[in-house]
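Engineer: Take a look at this one; I'll ask things after.
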Amino acid sequence: MSKGSGVQESHQIDRLRLLVDAGISLSSEHSLDAVLQRIVEIAAQLTGARYAALGVVDAEGKRLERFHTVGIDDETRAAIEHIPAGRGILGAVIREARPVRLAEVTDDPRSVGFPPHHPVMRSFLGVPILLRGTAYGSLYLADKDDGSEFTEEDEDLTQLLAGQAAVAVENARLHESSARWLHQLESLNEIGNALGTQIELGPLLDIVAARLRELIRARLVLIALPDSPGALRVAAARGEQANAILGTRFELGGSKVGHVLERRRSELVHEIADDPEVDHDATRRIGVSTALYVPLVVDGQAIGVIAAHDRLGSDPRFGEEDLRLGESLAKRAANAVALSERVSRDAMRRVVAAQELERARLARELHDETGQALTSILLGLKTLEQAVETREGREQVASVRQLVVSTLADVRRLAVELRPTALDDFGLEPALERLVDKHRQDGAIAVDLEVRLGESRLPADVETTMYRIVQEALTNIAKHAEATRVSVLVTRKEHAAVVVVEDDGAGFDTSSASPGLGLAGMRERVALVGGRLRVESSASSGTTIAAEIPVP
Ligand SMILES: Nc1ncnc2c1ncn2[C@@H]1O[C@H](COP(=O)(O)OP(=O)(O)OP(=O)(O)O)[C@@H](O)[C@H]1O
Ligand SMILES: [Mg+2]
């Protein structure tokens, strides 16, 4: 064995020992920064490099997320840190994803020279930090201490260390993303629990907005629900300006949220100023620049929109993952809205049903008690009339009897108006016939009634709804229309019952707010049985009220 090979051997043993020590010390480090700093130090030590640096690019591969150095002062460090990862030799190592070894760094055509304050470096070795095809960054060494260039062995060792760095970075990212997943699960869980226990919609949507804002790190999250026809209202808001915009109303048309509601599709907007659908006055007022829109959809229908603005941090744009999270929370919020609407509809339905019951009770009482009492009085008066001897006395009794007769008629009419027994006992058609008859008698209007319902009866609540619509429509015609002809058409389609009441009267402006309760009540009743009401009116063609109610 020659002397030279003995020196080489002991040198190799030193390196091996260093490497083993490095492995041990690395596995005992916990923070990623400490591990990476150790790796640069070990790399410098093992290769005899005067300068060493390790850069990790962020998950999008755009910027340096971490930067560790050896042998470089702070000023130089800061200068290097600001170098875009795509330029010069450093960029080439990442871009080409293979080692670069140079005797004179400035001789290489890829070199762009050194930034100000940067020490002049000669020999250079850069290796990418790679794991399973993903480039996490690179490890650079410069100026081998004996003035020579880096060897192939240096390159192998550095690659080994770069591999360790890759594993450390990947572990940290995995840990980060599992922590993020855990947080997402917690949020979804919390919303799920709130859905089960919280019945009020406002606080529920508030939880959804708050959690989404946390999860996607948005500056502002709001939830808008349709308010009056053609308008939306901010039902929940979290983040900057939240208090200022909570409860504000805006037009459906001319707002981005309105478009999203219509299309029922989520959307990422990277630059609000460039989007022609956005109401720029409104977004300027709250000073936001990017957005994420997700519609709340239940049974294929859009019932609201979640909007998030400005991701916090260096890049305000939202990404696909944010969109996915938004959609998953939107699903829950949509269910909450649907549930709360169902609950309030149920409550309303119970009120209306109770009202009908109470009316039926009053009608029965009027008919049975008051009506019977008046009838007995009538019979008594008849007997009395016969018994009275004087003509004057008989006439007085007769006029009282007449009064009782008309009161009895009033009571009967009132009872029928309250709740026609015919509706319960014989069905919609006879009840409508009576109603129409009464109107024919009362006014000088020709009322045409056509009922085509077939054999089977409609569900009781549908019958009541249709009866009340015709009743209110005819009352309105008598009160407001000055019509000469009225037609009432009641038909049954395959899955719906339809009622249309038309008059040739004066008409009215349907766009101005109704002063009364009649039309609003009609609308409410029709909505309760899942139907639609259409009101058309003009001075030239009179008024048409049409309701279509689904029937199973
Ligand atoms: N058939 C009609 N022809 C002309 N105008 C009508 C007709 N139906 C309704 N209107 C107009 O619409 C308005 C609203 O009707 P609605 O039934 O809601 O209220 P109302 O009849 O005035 O009061 P209420 O029904 O509460 O007693 C009426 O005041 C009337 O001006
Ligand atoms: Mg009315």
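Engineer: Condition check: of a type outside the set (K, R), under 30 Å from L64 (Cβ atoms) and surrounded by fewer than 20 Cβ atoms within 10 Å (Cβ to Cβ). Does E262 satisfy that?
Structural biologist: Spelling it out, it is not the case that E262 is of a type outside the set (K, R), under 30 Å from L64 (Cβ atoms) and surrounded by fewer than 20 Cβ atoms within 10 Å (Cβ to Cβ).
Engineer: Against the condition touching a His at 6+ places or on another chain (Cβ under 9 Å) and among the hydrophobic types (A, V, I, L, M, F, W, C), how does L215 come out, does it pass?
Structural biologist: yes
Engineer: Quick one: is T544 surrounded by fewer than 16 Cβ atoms within 10 Å (Cβ to Cβ) and within 15 Å of ligand 1 (Cβ to nearest atom)?
Structural biologist: no
Results for (1) closer than 19 Å to A168 by Cα; (2) at pLDDT 80 or above, shown as yes or no for each residue.
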| position | (1), (2) |
| --- | --- |
| L32 | yes, yes |
| G48 | no, yes |
| A52 | yes, yes |
| G55 | yes, yes |
| R101 | no, yes |
| V105 | no, yes |
| G113 | no, no |
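Engineer: Tally time: how many residues in segment 486-538 are loosely packed, with under 13 Cβ neighbours inside 10 Å and of a type in the set (K, R)?
Structural biologist: Number satisfying all stated conditions: 2.
Engineer: So, one more: Could you please tell me which pairs satisfy a Cβ distance under 6 Å, a separation of 6+ or placement on different chains, a first residue in segment 407-435 that is closer than 20 Å to I469 by Cβ and assigned to a helix (DSSP H, G or I), and a second residue that is modelled with pLDDT of 80 or more and among the charged types (D, E, K, R)?
Structural biologist: Taking only residues 6 or more apart or on different chains, the pairs are L418/R359; A422/R434; L428/E463.
Engineer: So V470 fits all but one of (1) over 30 Å from G371 (Cβ atoms); (2) within 16 Å of ligand 2 (Cβ to nearest atom); (3) among the hydrophobic types (A, V, I, L, M, F, W, C); what number is the exception?
Structural biologist: (1)
Engineer: Do you know which residues across segment 306-344 are of a type in the set (D, E) and either free of Cβ contacts under 8 Å to residues at least 12 places away in the same chain or surrounded by fewer than 20 Cβ atoms within 10 Å (Cβ to Cβ) (or both)?
Structural biologist: D315, E320, E321, E327, E341 - these are the residues of segment 306-344 that are of a type in the set (D, E) and either free of Cβ contacts under 8 Å to residues at least 12 places away in the same chain or surrounded by fewer than 20 Cβ atoms within 10 Å (Cβ to Cβ) (or both).
Engineer: OK, next. What is the residue count in segment 473-505 for residues that are within 16 Å of ligand 2 (Cβ to nearest atom) and touching a Ser or Thr at 6+ places or on another chain (Cβ under 6 Å)?
Structural biologist: So the answer is 1.
Engineer: Check segment 509-518 and report whether any residue there is assigned to a helix (DSSP H, G or I) and within 12 Å of ligand 1 (Cβ to nearest atom).
Structural biologist: The answer is yes, given that some residue of segment 509-518 is assigned to a helix (DSSP H, G or I) and within 12 Å of ligand 1 (Cβ to nearest atom).
Engineer: Of all the strands (runs of 3 or more DSSP E) wholly in segment 38-157, which have at least 1 residues that are under 29 Å from G23 (Cα atoms), without any contact (Cβ under 8 Å) to a residue 40 or more places away in the chain and of a type in the set (A, V, I, L, M, F, W, C)?
Structural biologist: In segment 38-157, 64-70, 100-102, 124-131 are the strands (runs of 3 or more DSSP E) which contain 1 or more residues that are under 29 Å from G23 (Cα atoms), without any contact (Cβ under 8 Å) to a residue 40 or more places away in the chain and of a type in the set (A, V, I, L, M, F, W, C).
Engineer: Those residues that are more than 12 Å from ligand 1 (Cβ to nearest atom) and among the hydroxyl-bearing types (S, T, Y), I need them from segment 448-487; list them, please.
Structural biologist: S456, T464, T465, Y467, T484, S487
Engineer: Could you check segment 524-541 and list, in sequence order, the residues that are near ligand 1 (Cβ under 9 Å from one of its atoms) and in contact with a Leu (Cβ under 8 Å, 6 or more places away or on another chain)?
Structural biologist: Selection gives V535 alone.
Residue-by-condition table, conditions (1) touching a helix residue (DSSP H, G or I) at 6+ places or on another chain (Cβ under 6 Å); (2) surrounded by 12 or more Cβ atoms within 10 Å (Cβ to Cβ); (3) in the same structural domain as R311 (by TED's automatic domain parsing):
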{"residue": "A194", "(1), (2), (3)": "yes, yes, yes"}
{"residue": "D206", "(1), (2), (3)": "no, yes, yes"}
{"residue": "A210", "(1), (2), (3)": "no, yes, yes"}
{"residue": "L220", "(1), (2), (3)": "no, yes, yes"}
{"residue": "P226", "(1), (2), (3)": "no, yes, yes"}
{"residue": "E240", "(1), (2), (3)": "no, yes, yes"}
{"residue": "N243", "(1), (2), (3)": "no, no, yes"}
{"residue": "G287", "(1), (2), (3)": "no, yes, yes"}
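Engineer: Taking the stated definitions as given, is E170 assigned to a helix (DSSP H, G or I), in contact (Cβ under 8 Å) with a residue 12 or more places away in the chain and touching a Leu at 6+ places or on another chain (Cβ under 7 Å)?
Structural biologist: yes
Engineer: Among the residues that make up segment 540-551, is at least one of them within 14 Å of ligand 2 (Cβ to nearest atom) and either on the phi > 0 side of the Ramachandran plot or assigned by TED's automatic domain parsing to the domain that holds E429 (or both)?
Structural biologist: Yes: segment 540-551 contains one or more residues that are within 14 Å of ligand 2 (Cβ to nearest atom) and either on the phi > 0 side of the Ramachandran plot or assigned by TED's automatic domain parsing to the domain that holds E429 (or both).
Engineer: Let me ask something else. Of E277, E267, which residue is touching a helix residue (DSSP H, G or I) at 6+ places or on another chain (Cβ under 7 Å), modelled with pLDDT of 90 or more and either among the polar types (S, T, N, Q) or farther than 19 Å from V208 by Cβ (or both)? Steps first, answer last, please.
Structural biologist: Numbers: E267 fails: either among the polar types (S, T, N, Q) or farther than 19 Å from V208 by Cβ (or both).
Criteria check complete, one pass: E277.
Engineer: Out of all the residues in segment 521-533, is one or more assigned to a strand (DSSP E or B) and either in contact with a strand residue (DSSP E or B) (Cβ under 9 Å, 6 or more places away or on another chain) or more than 16 Å from ligand 2 (Cβ to nearest atom) (or both)?
Structural biologist: yes
The values are calculated or read from the model by the stated rules, or taken from the named source; none is laboratory data. All values derive from a computational prediction rather than experimental measurement. Cβ: placed from backbone, ideal geometry, glycine included. Neighbour counts: every protein chain shown.
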